[in-house]
Each structure stands twice: as C-alpha cells, then as structure tokens.
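Working notes, structure below.
Only the coordinates and a few stated rules stand behind these numbers; no lab work does. Given the structure is predicted, the values throughout are model-derived calculations rather than measurements. Using ideal geometry, Cβ is built from the backbone for each residue, glycine included, and neighbour counts are taken over all protein chains shown.
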Amino acid sequence: MAEHETAARHRTPENPGSEVGAFLRRRREQLAQRWADEPLFRTVFTVARDEAVEAGRVVVDALAQVAGHGRVEDPADPGFTVVREQLSRMAAARARTGLTPSRVSTEVDALRVPADELLVAELPDASAEHVRACTTALTVLMGTLRLVVMETALSEGEALIDRQRLQLLEVATPVIRLWDGIVAVPLIGTLDSARSQVVMETLLESVVDQQARFAILDITGVPTVDSLVAQHLMKTVAAVRLMGAECVVSGIRPAIAQTIVHLGLDLGTVITRASLADALGYALRRLGADIVRAAPGGAQAR
C-alpha cells in the first residue's frame with residue numbers, strides 16, 4: 001500500500017492542466033489575497049483592498065475553468081469570457097497612468113510567481129518530472145492570461161481611439177448659427193471621406209434643429225479635395241435640399257476649382273459665392289433682410 005502511494009506521488013500526471021485547475025480551486029483564496037498586493041490589482045482597486053481580492057478570485061476561477069478544460073494555451077477558451085471585460089478595464093486603467101503595453105504585460109506576468117510558489121509547495125514529494133509538468137502547464141496558462149489581457153487591452157485601446165477620432169471630427173466641424181434661418185460650417189484643414197460624412201450628418205441635424213432655410217458650406221480653409229470628397233460635398237448639397245433648405249458653397253480656392261473642373265463635376269445647380277461674407281449676404285437678401293453699409297460718422301448709406 002505504501003509503495004503504491006509513493007509511486008502515485010512520483011508518477012507524471014496524465015493531465016497536468018486538470019491538476020493545475022484543481023490546485024487553483026484549492027488555493028483560490030490564498031492566490032486572491034496575494035494577487036491583491038500585486039501592482040496590477042493594487043493600483044487599480046485603490047478604494048478598498050476587498051475589491052482587489054474579489055477581482056483576484058474571479059480571475060482564479062476563470063483560470064481554473066480553462067485549466068480544467070485542458071486548454072491552457074487557448075486564449076479563446078470560454079473560461080476567459082467572464083473576465084475579459086474586467087481585465088480590459090484593469091489594463092486600460094494602468095495604461096492611463098502612462099504605462100506602456102510591455103510594462104502592463106510584465107505586471108500580468110508577475111502574477112505567475114506567487115501561483116508557482118504555492119504550486120511547488122503542494123508537491124514536496126513529487127518527482128522532478130511531475131513538478132516540471134505541472135509548473136509548465138501553469139506557466140503556459142499564465143502566459144495565455146497575459147495574451148488575453150494584451151489582446152483585450154489593445155482592442156479596447158483601438159475602440160477608444162475610434163471614439164476620440166469621431167469626437168475630434170465633430171469638434172473640428174462646428175455648425176454656427178449666423179442668423180435666424182442661416183447656419184454655416186467653416187471647414188479648415190484636410191477633408192477626407194470620414195470627415196465629409198461627419199460634415200453632412202452634423203449639418204443636416206443643425207438644419208432640422210435650427211429650422212434653417214440656408215446652409216453655408218465654407219471651404220476657404222480647405223487646401224484641396226479629391227474626387228471622393230468632392231462627391232461627398234455634392235451629396236451634402238443635395239441632402240440639404242431634400243431637408244427643405246438651400247445650400248451655398250463659399251470660398252472655393254483656385255486649386256479646388258481646377259480639381260472640380262478636371263473631374264467633370266457639374267456645379268451648375270450649386271449656388272457658390274467667393275467668400276463666407278458673400279454667402280451670408282446672399283442668404284440675408286433671400287430672407288428679405290435689408291443690408292446697409294455703415295458710413296463714416298455713424299450715418300448709414302445704402
């Protein structure tokens with residue numbers, strides 16, 4: 001009997017992943033307590049340590065589930081699904097403090113050390129081959145966790161960049177109310193398809209909100225446009241008309257005029273003016289406003 005138990009202790013586990021999973025379930029609380037003091041958890045859950053411990057428990061449970069499936073090297077294992085959102089928040093929080101992705105990766109890797117120590121402590125009488133098999137499975141599992149964290153963090157980072165880019169586009173295309181019934185979009189800088197789409201959407205929303213009868217697209221500050229952007233501008237003019245307003249394009253530079261002619265675009269139905277002031281004067285006259293020029297001395301001259 002004693003010889004059988006000794007042989008059992010010294011044999012190589014048939015499924016080291018399952019043994020690691022069982023170890024994680026047994027040592028769940030100890031691991032969570034140790035991880036709560038690691039930078040990845042400690043610097044994110046700063047209000048109460050209990051929050052860090054609970055987060056650690058959730059991650060240990062996920063790792064135990066993955067190991068139990070025998071898929072310690074698979075970042076797509078369903079066990080990681082429940083912790084992806086939490087891990088992404090933790091990684092994003094560390095990134096916001098200025099940490100580089102490699103530094104975040106190092107902090108995730110640091111979680112392996114206390115886990116490895118506890119695992120080895122559980123195998124004092126096991127053979128070197130047995131210990132090596134289990135620690136290797138644990139190392140692979142923790143490496144997969146690091147990969148999941150980095151993938152999730154990068155995905156979250158890309159989504160954040162997309163949101164910020166859209167916000168910048170919206171800020172860069174303000175719609176100004178010049179007069180009752182007159183709105184304008186002064187465009188400055190390079191126009192691309194994405195920004196042209198934002199211009200159209202923002203302008204149409206303002207036409208509805210302001211009940212505008214005239215919408216001015218001022219492109220004085222746009223150095224040049226390509227064929228796709230020119231077509232977007234034409235579509236914007238057409239869309240404004242469909243909303244019941246009249247669109248005026250002002251500030252067409254010589255280079256842009258040459259591009260439009262070269263592309264063969266028909267602007268015969270588009271109202272154009274040399275400057276924003278001219279476009280505003282046109283819209284005011286169409287609204288029946290009387291425009292007068294102030295004469296020297298305060299008198300008014302027509």
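The string of couplings for region 236-246 from the Karplus curve (6.51, -1.76, 1.60, θ = phi - 60°) is 5, 4, 5, 5, 4, 4, 5, 7, x, 10, 10 Hz, one whole number per residue in order, with x for Gly and Pro. Rg and Dmax of region 176-288, both derived from C-alpha coordinates alone, stand at 13.0, 37 Å. Extension gain for ALA238-ASP180 works out to 18.7 nm (0.36 nm per residue, less the C-alpha to C-alpha distance).
The simple spin-label model puts a point 7 Å past each Cα toward its Cβ; for LEU228 and ARG49 those points are separated by 5.6 nm.
In this label model, ALA121 and THR136 are separated by 2.6 nm, measuring between points 7 Å along each Cα→Cβ vector.
Expressed to the nearest 5 percent, the antiparallel share of DSSP beta bridges inside region 176-288 is 20 percent. Subtracting the Cα-Cα distance of HIS262 and THR81 from 0.36 nm times their residue separation leaves 59.7 nm of extension gain. Calculation over all alpha carbon pairs of the chain in 20 angstrom steps from 0 returns a P(r) of 26, 28, 23, 18, 5, 1 percent.
Might you report the magnitude of the Cβ-based charge dipole of the chain about its Cα centre, with Lys and Arg at +1 and Asp and Glu at -1, to the nearest 20 debye? Show your work: numbers first, answer last.
Values: 32 positive and 38 negative charges, 290 e Å.
Magnitude of the dipole: close to 1400 debye.
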